[in-house]
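Worksheet: the structure to be examined is printed underneath.
The values are calculated or read from the model by the stated rules, or taken from the named source; none is laboratory data. Keep in mind that what you see is a predicted model, and the values were worked out from it rather than measured. Glycine gets a Cβ as well: all are built from the backbone with ideal geometry, and neighbour counts include every protein chain shown. Just the protein is used for accessible areas: all its heavy atoms, side chains included, with ligands, DNA and RNA removed. Shrake-Rupley method; radii C 1.70, N 1.55, O 1.52, S 1.80 Å.
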Amino acid sequence: RFSHASALWLLTILSILPHAPAVTHPDSLPLRQPSSLAPHSSIPLPLSSLPAASLDATDAYYGQAKTQGFRARSAFKLLELDEEHSLLHEAHTVVDLAAAPGSWCQVIKSRQPEGGVVVAVDIQPMQAIDGVTVVQGDITVGATVDKIEAALAGGGCRR
């Protein structure tokens, strides 16, 4: 199961693929009910309001991510999706929105074609990743969009 943030990242990746399947906007994704609410409750809660297993150091994927050099356990979500749907083998250009801490960028860079461009964008600071252009800023601000476009143009991408 994916959070809304994961769905946004996936939509970002799918939007650049020529064979991308039809996708649904994250706001229309089904919401899960916490077990503390009665099944008939009409109060939907977003997935992000549920406990985050990634914060638990005893989580198996947390340990595996650290062992394999990934910045977060979310890398395994993208690895699984790529195994099932071959998303990244033609992903020449990827803009990863809400990219921090960068685990998806790590996976993308390792699986995309040679010479592929990855631009990581987040409002939070993010440590550099080899071959990834990091843009710190709010994507709703024009200056950040300009930086993203410049990074894409510098990577040989055309608008």
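The table below gives the values:
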| quantity | calculated |
| --- | --- |
| Residue count, segment 133-147 (criterion: open to solvent by less than 20 Å² (accessible area, probe 1.4 Å) and closer than 14 Å to Cys105 by Cβ) | 1 |
| Hits in segment 57-111 (condition: among the basic types (Lys, Arg) and surrounded by fewer than 18 Cβ atoms within 10 Å (Cβ to Cβ)) | Lys66, Arg111 |
| Residue list for segment 130-150, restricted to those being in a loop (DSSP other than H, G, I, E, B) and over 15 Å from the mean Cα position of the chain (by Cα) | Asp130, Gly131, Gly137, Asp138, Thr140, Val141 |
| Output for segment 80-97, where each listed residue is part of a helix (DSSP H, G or I), without any contact (Cβ under 8 Å) to a residue 40 or more places away in the chain and in contact with a helix residue (DSSP H, G or I) (Cβ under 8 Å, 6 or more places away or on another chain) | Asp82 |
| Complete set of residues in segment 110-128 that are in a strand (DSSP E or B) and more than 14 Å from the chain's Cα centre (by Cα) | Val117 |
